[in-house]
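Engineer: Input: one structure, supplied below.
The values are calculated or read from the model by the stated rules, or taken from the named source; none is laboratory data. Bear in mind that the values here come from a model prediction, so they are computed numbers and not experimental data. In this analysis, Cβ positions are derived from the backbone assuming ideal geometry, glycine residues included, and neighbour counts consider all displayed protein chains. Each accessible area value is taken on the protein alone, full model and side chains, heavy atoms only, with ligands, DNA and RNA left out. Shrake-Rupley method; radii C 1.70, N 1.55, O 1.52, S 1.80 Å.
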Amino acid sequence: MNSGGLAAAADAVREADLLAARMQMALSLGWHIILACLGVGMPAITLIAEWRGHVTGDPRYRLLARRWARAMGVLFAVGAVSGTILSFEMGLLWPGLMSTYGQVIGLPFALEGVAFFIEAIFLGIYLYAWDRLPPIPHLLAGVPIVLAGVASAFFVVTANAWMQQPTGFSVENGRVVAVDPWAAMFNPATPPQTVHMILAAFMVAGFAMASVYAVAMLRGRRDRYHRTGFLLPFAVAAAITPVQIGVGDWAAHFVADNQPVKLAAMEGVFETGRGVPLHLGGIAVDGQLRWALEIPNGLSLLAHWDPDAEIVGLNETPPADRPPVNVVHWAFQIMVAMGLALLALAVWAAVSWWRHREMPRSAWFLRASALSGLAAVLALEAGWVVTEVGRQPWIVYGVLRTRDAVNPAPGLVWGFVLVSVIYVALTVASVYVLRLLARGRPVPAAPQESDVTGYPVT
Amino acid sequence: MAELMLAVIWLGLTAYVLFGGADFGAGVWDLIAGNEERGRAQRGLVEHSIGPVWEANHVWLIFVIVLTWTGFPGVFAAVASTLYIPLTLVALGIIARGAAFAFRKVSEELWQRRLFGATFAFSSLVTPFFLGTVAGALASGRVPPGIARGDLVTSWLNPTSLVAGALAVGVTAYLAAVYLTRDAQRGGETALAETFRGRALAAGAVTGVLSALGLVVLRADAPALFRELTSGRALPLVALSVVAGVVSLVLLWRRAYLAVRVTAALAVIGLLWGWGVGWYPWLLPGVSVRDGAATPAVLTVTLWAMAGGAVLLLPSLWWLYTTFQRAHPADGSDSSTPV
Ligand code: HDD
Ligand code: HEM
Ligand code: HEM
């Protein structure tokens, strides 16, 4: 019952439905991933605040922890439901992938289920039992949330890594006959991708939280409470940024060695050659990258640590098997640009801290920081576009084409329309509710928050 | 191995119906709780009872989905592709419900609470209905193997599916009313407990009638399953369900709210496992458990991973439920209000 009907059905796939399915997947994944990053990063940062509050007795930290926890409650709920949709969509949109390879990538998803469970259980305890538990057990109840969040990011990205570097199975006549689930999970792409993703989650969470306080400070609320609310998440994210750029370099080397077509698309290289320049900007027109700034030998040097290294161009691949160059090229440029910009911001803060023991006083620093959350999210989305669009036309690299995996049922376009409408509503409502939470005066919300009552904030 | 996997999936499904289902049912009661004034106490109880646990309850569904595609990949693909319309609606219902519930909790203005509350309550009604139609499609053998081979519409718009959808709503509402009765009693809110007792009795009676109706429909629409249920292997489970259902109504009548939790759950378990046993060894028409299963290595590794996970999960779940089922602290402050 595997692929007999599949090939026949694939002929019937309508272009519009295929496109709709891909867009729907991209929309729901791109939406979920933001929430997922906050879900991985925020609990850790909140725990740091709660812990500092406990150790120093400073109500600033305690109040921050309370308020972040309240936002986390909302974000987790939205993250959980948007993730559930994804597991439906794997089957609704890509039955051709799941019917053959569902069992190959099943293990990480099953383990992810365990991690979600742990996360949801301890989140329930952490959020709702703040006053039923003494401080230390309450802090400890938060630790599994962090561990499970990181673990779930790891597991799910191993599944994606497998789609980039499929290993651990053998196929006979279109049927999977033997599977080594561990080998599939720990495929060659797993190390760079999971590390890059987990660091991205902390960057996104840290910069996004810092952005909120940067905006408040720009509006004149510069008391100690807001400064702390800015500095703690900013410090976490800024410390990770340089590491992330190193890891990004590792990811790029990996792609250069293992997915040369993707690399060629990322860099807009059409002709195979040695000593290939690095292209900045530019648009691909008729099999040529135009109007790009060229850095001589740059790409060969960066990709293989050798200015004369050979780079395989897109000309080696038939046009039908190439990913869309402009999308991948620009997405890559945007990710790298955002990464470097965030690095500059982090260095600015570090230098000022080193010299004066305080954050830069310039309003420009706050303005830039107010945008840092957006920049991190942009890098995140762009990175996924590089990874996923750069993999096209394969859904499983070199093994299964996206068009052979899509659900052949008619009318996927309408599903996409419906899903888009719901997501627009969800986005509006989420932003609205989060703004309510952020704007509300930062006073303790309920009488039971006895540990922070009486702490004045402007 | 394949059987064990199936059993684990069915256990997950049972847990989802018993815990997650009750959350949906609570939303249904939220829907008919009346206007803002009259409904406040009921809505408060609903929010209070499901707030800390709904996310954990909801993960059971993810387990069922993921284990199905791991253990029975072809079956998963066949079901998802043929039934993509009701399943898309289920997915959207889940999104609307979870998000609206969380949003309502943190919004203060009346119109916001109304909007989010209505979304929450309405999707609580619609989602189990469509899940029920999916169950009906499977029970009546309308999902053939292969990708999108079944009829996209009649596979889930047919007598069995409609009854199953209604039954799903009934079961969730019934379970929720039973659980909420006890929660209200423990909270010392006698009047509220009485309200939910009446609702539980009504929902129980309606669900009983729907189950009987379901049997009649199955007899015409899915005779093989009907035979198994009424005279085959599944008969003891069906009998268990009927007996437990009747006992529950008696217990409710006599206000034994804690005991009725057990019997109500048993009635639902009998129904679910009766269906499962009556169906076995077929998963889809012409596809048995053995035919549909993943390779042995996948089944073994996944089952061991689940066993390892269970070692972590069971104590954690225990802690979660006991933390929130314990009586409130003596000072009377309602400390499970969200932070
Ligand atoms: C805050 C987020 C962030 C930042 C600052 C960067 N990246 Fe990134 N990048 C991601 C977030 C991300 C990501 C969204 O997390 C991706 C998508 C898939 C993945 O594993 O990570 C990714 C993918 C990704 C890939 C594709 C991997 C693949 O297809 O398998 C490459 C080559 C790079 N990155 C390289 C870089 C470089 C050279 C950066 C330095 C400036 C950089 N990234 C900064
Ligand atoms: C980690 C697990 C992930 C899995 C298992 C996964 C799986 C998939 C699948 C099945 C498709 C559809 C087939 C295709 O077009 O290739 C797809 C496409 C896509 N995904 Fe992912 N994805 C993952 C992560 C992400 C994330 C987090 C993003 C975030 C932005 C993302 C962005 C996209 C985009 C943009 C497409 C559309 C590509 C195109 O149509 O050209 N993916 N992914
Ligand atoms: C790189 C990609 C992804 C990362 C890092 C990630 C991470 C997370 C995290 C941390 C959560 C917890 C909820 C939250 O924090 O808001 C979550 C929820 C969820 N994710 Fe993802 N996810 C990714 C992609 C996917 C994909 C591709 C799927 C399914 C195919 C998926 C399915 C789910 C589900 C079902 C939930 C809900 C769990 C619950 O109910 O608690 N995720 N994800």
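Engineer: Test of understanding: express the Cα radius of gyration of region A:111-248 as a ratio to 2.2 N^0.38 Å, with N the residue count.
Structural biologist: Taking the Cα Rg and dividing by 2.2 N^0.38 Å, one obtains 1.40.
Engineer: Please report Rg over Rh for region A:41-146, where both radii come from the alpha carbon positions and Rh follows the Kirkwood definition.
Structural biologist: Numbers: Rg = 17.5 Å, Rh = 15.5 Å.
A ratio of 1.13.
Engineer: What is the ratio of the Cα radius of gyration of chain B to 2.2 N^0.38 Å, with N the residue count, to two decimals?
Structural biologist: Normalised by 2.2 N^0.38 Å, the Cα Rg of chain B equals 1.00.
Engineer: About the Cα centre of chain B, what is the dipole size in debye to 20, counting +1 per Lys and Arg Cβ and -1 per Asp and Glu Cβ, all else neutral?
Structural biologist: Working: 22 positive and 18 negative charges, 99 e Å.
About 480 debye.
Engineer: Could you sort A:Met23, A:Met203 by their accessible area in this structure, using a 1.4 Å probe and putting the largest first?
Structural biologist: A:Met23, A:Met203
Engineer: Sticking with this one: Using square roots of five times the C-alpha gyration tensor eigenvalues, list the equivalent-ellipsoid semi-axes of region B:77-129 in whole Å, biggest first.
Structural biologist: Ellipsoid half-lengths, sorted descending, are 28, 9, 6 Å.
Engineer: Moving on. For A:His304 and A:Arg175, compute 0.36 nm times the residue count separating them, minus their Cα-Cα distance, and round to one decimal in nm.
Structural biologist: 42.7 nm
Engineer: Another question about this same structure. Rounded to whole Å and sorted largest first, what semi-axes of the equivalent ellipsoid does the C-alpha gyration tensor of region A:95-158 yield via the square root of 5 times each eigenvalue? Please list the in-between numbers first.
Structural biologist: Details: eigenvalues 214, 20, 8 Å².
Here the semi-axes work out to 33, 10, 6 Å.
Engineer: Let me ask something additional. Beyond 37 Å, what percent of the Cα pairs of the protein assembly as shown remain?
Structural biologist: Everything past 37 Å amounts to 45 percent.
Engineer: Leaving ligands, DNA and RNA out of it, work out the accessible area of A:Leu111 with a 1.4 Å probe and give it in Å² to the nearest 10.
Structural biologist: It works out to around 30 Å².
Engineer: What does the structure give for A:170-180 when I average, per residue, the other chain Cβ atoms found within 10 Å of the residue Cβ? Let's see the in-between values first.
Structural biologist: Details: counts 1, 0, 0, 0, 0, 2, 4, 1, 4, 7, 4.
Average per residue, whole number: 2.
Engineer: Normalised by the empirical 2.2 N^0.38 Å for globular proteins, what value does the Cα Rg of region A:303-342 take? Walk me through the numbers on the way to the answer.
Structural biologist: On the way: Rg = 13.5 Å, N = 40, 2.2 N^0.38 = 8.9 Å.
Cα Rg divided by the expected 2.2 N^0.38 Å: 1.51.
Engineer: Also: Find the Rg to Rh ratio for chain A, where Rh is the Kirkwood radius over alpha-carbon pairs and Rg uses the same atoms.
Structural biologist: Ratio of gyration radius to Kirkwood radius: 0.99.
Engineer: Treating only the Cβ of Lys, Arg, Asp and Glu as charged (+1, +1, -1, -1), what charge dipole size does the protein assembly as shown show about its Cα centre? Round to the nearest 20 debye.
Structural biologist: Charge dipole, the protein assembly as shown, about its Cα centre: 2320 debye, nearest 20.
Engineer: To continue, here is another question. Using a Förster distance of 30 Å, how high is the FRET efficiency between B:Arg233 and B:Leu213, based on the Cβ-Cβ distance and rounded to 0.05?
Structural biologist: Rounded to the nearest 0.05, the efficiency is 0.85.
Engineer: Send over the per residue convex hull volume for region B:195-257, Cα only, as a whole number of Å³. Kindly include the intermediate steps, with their values, before the conclusion.
Structural biologist: Values: hull volume 4.3 nm³, N = 63.
In region B:195-257, the Cα convex hull volume per residue is 69 Å³.
Engineer: Kirkwood hydrodynamic radius of region A:349-446 from all distinct Cα pairs, in Å?
Structural biologist: By the Kirkwood definition, the hydrodynamic radius is 18.7 Å.
Engineer: A further question follows. Once the Cα gyration tensor of region B:76-233 is found, what semi-axes does its equivalent ellipsoid get, as square roots of 5 times the eigenvalues, in whole Å, sorted largest first?
Structural biologist: Numbers: eigenvalues 216, 108, 20 Å².
Ellipsoid semi-axes (Å, largest first): 33, 23, 10.
Engineer: Right, another one. If we count chymotrypsin sites (Phe, Trp or Tyr not before Pro) as exposed when they sit in a DSSP loop and have at most 11 other beta carbons within 10 Å, what is the longest stretch of chain A that avoids them all?
Structural biologist: The reported range is A:1-290.
Engineer: Next question, about the same structure. Given Cα pairs under 8 Å that are at least 6 residues apart, what percent is the relative contact order of chain B?
Structural biologist: Numbers: 453 pairs, mean separation 71.2, N = 339.
That works out to 21 percent.
Engineer: Three principal axis extents, largest first, for the C-alpha atoms of region A:165-211, in Å?
Structural biologist: Ordered largest first, region A:165-211 gives principal extents of 54, 17, 13 Å.
Engineer: Provide the gained length on full extension for the span A:Leu27 to A:Ala320, in nm with one decimal, where the gain is 0.36 nm per separating residue minus the Cα-Cα distance.
Structural biologist: Stretched fully, the A:Leu27-A:Ala320 segment lengthens by 103.0 nm.
Engineer: Here is a further query. Give or take rounding to whole Å, what are the principal axis extents of the alpha carbon atoms in region A:275-365, in descending order?
Structural biologist: 57, 27, 21
Engineer: In chain B, if the dipole is taken from +1 on Lys/Arg beta carbons and -1 on Asp/Glu beta carbons about the Cα centre, which of B:Phe103, B:Trp275, B:Ala121 is farthest to the positive end?
Structural biologist: The residue sitting farthest along the positive end of the dipole is B:Trp275.
Engineer: Could I ask something else about it? Please work out, to two decimal places, the log10 of the ratio I(q)/I(0) at q = 0.12, 0.25 Å⁻¹ from a Debye calculation in which every Cα of region B:121-188 carries one identical scatterer.
Structural biologist: Log10 of I(q)/I(0), two decimals: -0.41, -0.98.
Engineer: Taking a probe of 1.4 angstrom, what is the accessible area of B:Leu87 in Å², to the nearest 10?
Structural biologist: 20 Å²
Engineer: Same structure again: Just the number: Rg to Rh for region A:249-316, Cα atoms, Kirkwood Rh, two decimals.
Structural biologist: Here the Rg-to-Rh quotient is 0.93.
Engineer: Can you tell me the FRET efficiency between A:Thr167 and A:Asp286 if r is taken as the Cβ-Cβ distance and R0 is 35 Å, rounded to the nearest 0.05?
Structural biologist: Using R0 = 35 Å, I get an efficiency of 0.40.
Engineer: Continuing with this model, one more query. What stretch of chain A, leaving out the sites themselves, is the longest with no trypsin sites (Lys or Arg not before Pro) in a DSSP loop having at most 15 other Cβ atoms within 10 Å?
Structural biologist: Values: sites that count: A:Arg14, A:Arg219, A:Arg222, A:Arg357, A:Arg361.
For trypsin sites (Lys or Arg not before Pro) (loop position, at most 15 other Cβ atoms within 10 Å), the longest site-free span of chain A is A:15-218.
Engineer: How much mean residue ellipticity at 222 nm does chain A get from its helices, if each DSSP H run of length 4 or more adds -39500 (n - 2.57) and you divide by all residues, to the nearest 500 deg cm²/dmol?
Structural biologist: Numbers: 15 runs with 320 residues, N = 458.
Helix contribution divided over all residues of chain A: -24500 deg cm²/dmol.
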